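The values are calculated or read from the model by the stated rules, or taken from the named source; none is laboratory data. Worth saying up front: this structure is predicted, and the values here are computed from it rather than measured. When we count neighbours, we look across all protein chains shown, and the Cβ atoms used for this are built from the backbone with ideal geometry, even at glycine. Quick note on the areas: whole protein, heavy atoms, side chains included, nothing else; ligands and nucleic acids left out. Shrake-Rupley method; radii C 1.70, N 1.55, O 1.52, S 1.80 Å.
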Amino acid sequence: MIGGMSREGWINLAVLAGLLVVPLWALWADEPFTITLATRVVILALAAVGLNIALGLGGLVSLGHAVFFGIGGYAMGILAHHAQTYTSVMEWPLLIEGTKSMPVVWLVAVVASALAALVIGVLSLRTSGVYFIMITLAFGQMFFYFAISWSAYGGEDGLSIYVRNGFPGLNTLVPIQFFGLCFAILCAVLWLTARLMRSPFGLALNAARQVPVRVETVGLNPVRLKLVAFVISGAITGLAGALFADLNRFVSPTMFSWQFSGEIIILVILGGVGRLFGPVVGAAVFVVLEHWLGGLTEFWLIWLGVILLLIVLFARGGIVGMLAGRSVAHD
Amino acid sequence: MTEPVLETRGITKRFGALTASEDVSLDLKAGEIHAIIGPNGAGKSTLIQQICGLLHPDAGQVRLGGADVTRMAAAARARAGLGRTFQVSQLAMEDTVLQNVVLGALGAVGRPWRFFGAALRDAELRDRAEAALAQVGLCDVAAMRCADLSHGQRRQLEVAVALSLSPRAFVMDEPMAGLGAEGSKRMTGFLSELRGTAPILLVEHDMDAVFALADRISVLVYGRIIATGTVAEIRADRAVRDAYLGEEA
């Protein structure tokens, strides 16, 4: 396996190693903030890996992926809020208690965002192109304004969670432990995504993006393939939302904002659309720029804009594409 | 009398005042190549779309293997055994030749909901795909990206994808389109043998190819079939000569 690894494989491995070495160095140098930054990279990368399945493989330009990020965030926020106020989420028809357990929160986040993606996908996939973008944007705005007006859970102010949720056997309040947890999840999802890209489903989805009419004339349903991709994509982004809320110990309607949907699209384009590690590289570059350029000038987004423009104009494969060349088929 | 593999009965399709197909009845029997010819705008493409399920007729029936498939969507008709090729190649250009044919095999096997195992390592898919590639003679370029193929190779690949479905009948929309004299000749030889695998409904502009290949020819003019017959009969038909063949024949 290692012997026959492609250039892209080596680059991916280097990115993963870098993502692991930086926080370990920060631990040694006693720079906890750097660990937090690295955790932010990992979580944003996870959100973008999710988006990449819809955008990169399915060709679905979703400007509403913040919906799933927000649902994941609020799944965590609501459950933890009830746990810390010793109230139940609902009592009828069945009693649901709050929880501070990460695995439970993750499960709820994944299931809820997958269901939302199914409903949004069924309605949005009746359209394509600009209309698809607009419908997903509209769903995003709906959730955003709903969250703002949902006073039971803080409305515009959001919800603060005082203590980070727990994971069996770990002290999640220690930054490096929480980083390790997020990093392990990212690795697992990347591995599953790599499998998915090479699977029969991935092959069919890839073709459905390029030539839907061909997919139809070999007896497969391109819309159904894209719908399943959209649901998987939403579920992963939802999981990232739950982790993001735990990182900040805070959820607010901004998690649902269309700006965030745009931001993760930028991460994917920056790193490389449809490339396995594109979103990871994109997230790392984004957070580093945000931190360093943001410290130098408040207009750092202008420079991000310039970089994005250069990439779109001259390197369609993003940073990964620039370094690794065109993607190759695996046998 | 054996049942035709593919059949249309009284297909009619109107777009506003324009009648694109008017009472079109034709059939395709096992082992034959049935060519449909006609001037530009005669409604050949519209007819093909209706046979393959991308358009639905206002009236009439499409039957495949004796069953009425008129209400079936394109994907269902493909699963029922219709292998189609396009006038303009419809291939996944970013993918390799092998991946394109494996897609066809995947459609034929009908199990796309597998998310873990590698598609190209699936023996069943791969055998099917490689058999189809071998039959059209594209094994050497299996690992090449479709975008890097020559036009002629893409036309062959187009046929290979349809072949990987193991269809009961082929519907081919101008397989010679854009091929040079040499390419046309090779494709003609290939299609001639292919009719033994499954019969071919062939829409083609290249008259040399049509006359060399067709067991029967139907002539479509203004959405109507004005004549059906063997090559000799069609060449001798006065109405056909007036309407279409003109000086050529």
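Considering every residue within region B:190-211, establish whether at least one is of a type in the set (Gly, Ala, Ser), open to solvent by 10 Å² or more (accessible area, probe 1.4 Å) and without any contact (Cβ under 8 Å) to a residue 60 or more places away in the chain.
Within region B:190-211, none of the residues are of a type in the set (Gly, Ala, Ser), open to solvent by 10 Å² or more (accessible area, probe 1.4 Å) and without any contact (Cβ under 8 Å) to a residue 60 or more places away in the chain.
Quick test for you: out of A:Leu190, A:Leu205, A:Leu186, pick the one residue that is under 18 Å from A:Val61 (Cα atoms), under 20 Å from the mean Cα position of the chain (by Cα), aliphatic (A, V, I, L, M) and surrounded by 19 or more Cβ atoms within 10 Å (Cβ to Cβ).
Being under 18 Å from A:Val61 (Cα atoms), under 20 Å from the mean Cα position of the chain (by Cα), aliphatic (A, V, I, L, M) and surrounded by 19 or more Cβ atoms within 10 Å (Cβ to Cβ) holds for just one of A:Leu190, A:Leu205, A:Leu186, which is A:Leu205.
How many residues are more than 19 Å from A:Lys226 (Cβ to Cβ) and facing chain A (nearest Cβ under 7 Å) when one looks only at region B:109-118?
Residues in region B:109-118 being more than 19 Å from A:Lys226 (Cβ to Cβ) and facing chain A (nearest Cβ under 7 Å): 3 in total.
Considering only residues that are open to solvent by 60 Å² or more (accessible area, probe 1.4 Å), in a loop (DSSP other than H, G, I, E, B) and of a type in the set (Gly, Ala, Ser), which ones fall in region A:123-179?
A:Ser128, A:Gly169 - these are the residues of region A:123-179 that are open to solvent by 60 Å² or more (accessible area, probe 1.4 Å), in a loop (DSSP other than H, G, I, E, B) and of a type in the set (Gly, Ala, Ser).
Taking region A:82-111, which residues are in contact with a strand residue (DSSP E or B) (Cβ under 6 Å, 6 or more places away or on another chain) and buried (at least 21 other Cβ atoms within 10 Å of the Cβ)?
A:Met102
Answer with yes or no whether A:Trp300 is over 27 Å from B:Asp148 (Cα atoms) and surrounded by fewer than 15 Cβ atoms within 10 Å (Cβ to Cβ).
Spelling it out, it is not the case that A:Trp300 is over 27 Å from B:Asp148 (Cα atoms) and surrounded by fewer than 15 Cβ atoms within 10 Å (Cβ to Cβ).
Can you pull out the residues in region B:1-36 that are closer than 25 Å to B:Leu194 by Cβ, hydrophobic (A, V, I, L, M, F, W, C) and either assigned to a loop (DSSP other than H, G, I, E, B) or outside the structural domain of B:Gly223 (by TED's automatic domain parsing) (or both)?
Matches in region B:1-36: B:Met1, B:Val5, B:Ala30.
Residue check, B:Leu106 against (1) at the interface with chain A (Cβ under 7 Å from one of its Cβ atoms); (2) more than 23 Å from B:Arg14 (Cα to Cα); (3) touching a residue at least 60 places away in the same chain (Cβ under 8 Å); (4) not acidic (Asp, Glu), all met but one. Which one?
Here B:Leu106 clears every test but (3).
Go through region A:79-122 and count every residue that is at positive phi and in a helix (DSSP H, G or I).
Counting residues in region A:79-122 that are at positive phi and in a helix (DSSP H, G or I) gives 0.
Filter region B:65-82 for residues that are surrounded by fewer than 18 Cβ atoms within 10 Å (Cβ to Cβ) and on the phi > 0 side of the Ramachandran plot; which is nearest to the other protein chains (Cβ to nearest Cβ)?
Among those residues, the one meeting the criterion is B:Gly65.
Of all residues in region B:169-183, which are of a type outside the set (Phe, Trp, Tyr) and modelled with pLDDT of 95 or more?
Matches in region B:169-183: B:Ala169, B:Val171, B:Met172.
Let's see how each residue does on (1) more than 8 Å from every other protein chain (Cβ to nearest Cβ); (2) open to solvent by less than 10 Å² (accessible area, probe 1.4 Å); (3) in contact (Cβ under 8 Å) with a residue 12 or more places away in the chain; (4) part of a loop (DSSP other than H, G, I, E, B):
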| residue | (1), (2), (3), (4) |
| --- | --- |
| B:Leu54 | no, no, yes, yes |
| B:Arg63 | yes, no, yes, no |
| B:Gln87 | yes, no, yes, yes |
| B:Met93 | no, no, yes, yes |
| B:Val102 | no, yes, yes, no |
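Tell me whether region B:119-135 contains one or more residues that are in a helix (DSSP H, G or I), within 14 Å of chain A (Cβ to nearest Cβ), under 20 Å from A:Glu216 (Cα atoms) and touching a Lys or Arg at 6+ places or on another chain (Cβ under 7 Å).
Yes: region B:119-135 contains one or more residues that are in a helix (DSSP H, G or I), within 14 Å of chain A (Cβ to nearest Cβ), under 20 Å from A:Glu216 (Cα atoms) and touching a Lys or Arg at 6+ places or on another chain (Cβ under 7 Å).
Which ranges mark the helices (runs of 4 or more DSSP H) fully within region B:138-233 that have 3 or more residues being charged (D, E, K, R)?
B:151-164, B:181-194
Could you grab me the full set of residues in region A:303-330 that are loosely packed, with under 13 Cβ neighbours inside 10 Å and free of Cβ contacts under 8 Å to residues at least 12 places away in the same chain?
If the condition is that a residue be loosely packed, with under 13 Cβ neighbours inside 10 Å and free of Cβ contacts under 8 Å to residues at least 12 places away in the same chain, then A:Gly305, A:Val306, A:Leu309, A:Leu310, A:Leu313, A:Phe314, A:Arg326 are the ones that fit.
Taking the conditions exactly as written (among the hydroxyl-bearing types (Ser, Thr, Tyr), open to solvent by 30 Å² or more (accessible area, probe 1.4 Å) and either touching a helix residue (DSSP H, G or I) at 6+ places or on another chain (Cβ under 8 Å) or at pLDDT below 95 (or both)), does A:Thr254 satisfy them or not?
yes
Can you tell me which condition B:Trp113 does not meet? The list is (1) in contact with a Phe, Trp or Tyr (Cβ under 7 Å, 6 or more places away or on another chain); (2) open to solvent by less than 10 Å² (accessible area, probe 1.4 Å), and all the others hold.
Evaluating B:Trp113 over (1) in contact with a Phe, Trp or Tyr (Cβ under 7 Å, 6 or more places away or on another chain); (2) open to solvent by less than 10 Å² (accessible area, probe 1.4 Å) leaves (2) as the failure.
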